[in-house]
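Readers should treat all values here as calculations from the given coordinates under stated rules, not as data from a laboratory. Since this is a predicted model, take the numbers as computed values, not measurements. When we count neighbours, we look across all protein chains shown, and the Cβ atoms used for this are built from the backbone with ideal geometry, even at glycine.
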């Protein structure tokens with residue numbers, strides 16, 4: 001594996017915290033995984049993920065029982081899902097593309113304020129700025 | 001720790017760049033999310049949850065399965081002590097993790113829909129075909 005001066009070091013970036021901004025740390029494990037997936041993933045990590053954290057369309061908090069992000073058995077208290085609809089996306093080789101209509105970009109943050117996952121998911125048909133099944137998946141919409 | 005600006009972060013990420021090696025399927029344990037991510041192919045993907053533990057990654061281009069995310073790994077290890085039998089040097093075949101989840105207490109009495117059955121079959125086949133193992137070094141095994 002190629003070495004880089006930032007390998008393994010956590011990176012802290014700004015994220016909206018309702019009326020204010022806060023710092024969140026990006027998982028070094030996930031960053032390394034994205035490096036193995038190619039240029040498109042690195043570009044989306046570099047541009048889309050921080051953009052959604054700073055200017056989300058919605059923020060969901062907590063999870064419902066038998067639901068998603070984080071371990072429902074541990075309650076998921078304090079875990080957040082930031083949701084956005086970026087106006088750009090990238091192909092695998094790094095070519096810049098337009099918005100992905102019908103899709104939302106989700107960024108997941110654990111209660112220690114570590115960003116551990118970011119990805120595309122289908123948008124809600126009735127509300128294309130929100131993820132499919134958002135009513136069932138999350139306890140509360142806080143933004 | 002001082003936060004970087006978005007521009008500084010982007011610069012740092014792009015400076016690292018992708019790893020210039022031929023892609024091989026891999027699985028990685030992410031301690032921050034207590035999850036294992038499996039990447040079977042190099043593709044841009046979208047995610048769909050199939051149940052409370054497993055999310056499947058599908059290629060935007062082909063709609064084929066290109067990966068998955070298994071959550072709550074430490075809980076799964078606690079609930080399925082028999083998994084220890086197939087863990088060797090802290091490594092476990094992903095297909096065993098999928099099956100352990102299906103046979104766990106939470107799932108054993110649940111009706112499995114045709115769609116979910118099909119997705120699990122495909123996931124297990126992809127995991128078997130690639131022979132991918134997850135390294136549980138950082139989990140509480």
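Laid out as a table, the results:
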{"item": "Mean Cβ count within 10 Å, highest first, over the residues of peptides A:24-32, A:45-53", "result": "A:45-53, A:24-32"}
{"item": "Most mobile listed residue (B:46, B:29, B:57) in chain B, GNM with C-alpha springs under 10 Å", "result": "B:46"}
{"item": "Fewest-first sequence of A:81, B:80 by Cβ atoms within 10 Å of each Cβ", "result": "B:80, A:81"}
{"item": "Average other protein chain Cβ within 10 Å of Cβ, residues B:48-58", "result": "3"}
{"item": "Anisotropy class of chain B from Cα gyration tensor, a/c 1.5 cut", "result": "prolate"}
{"item": "Value of [θ]222 nm, deg cm²/dmol, for chain B, DSSP H segments ≥ 4, -39500 (n - 2.57) each, nearest 500", "result": "-10000 deg cm²/dmol"}
{"item": "Global geometry of the protein assembly as shown, whether rounded, prolate or oblate, following the gyration tensor of its Cα atoms and the 1.5 cut on a/c", "result": "rounded"}
{"item": "Residue-averaged beta-carbon neighbours from other chains (10 angstrom radius) around B:67-76", "result": "3"}
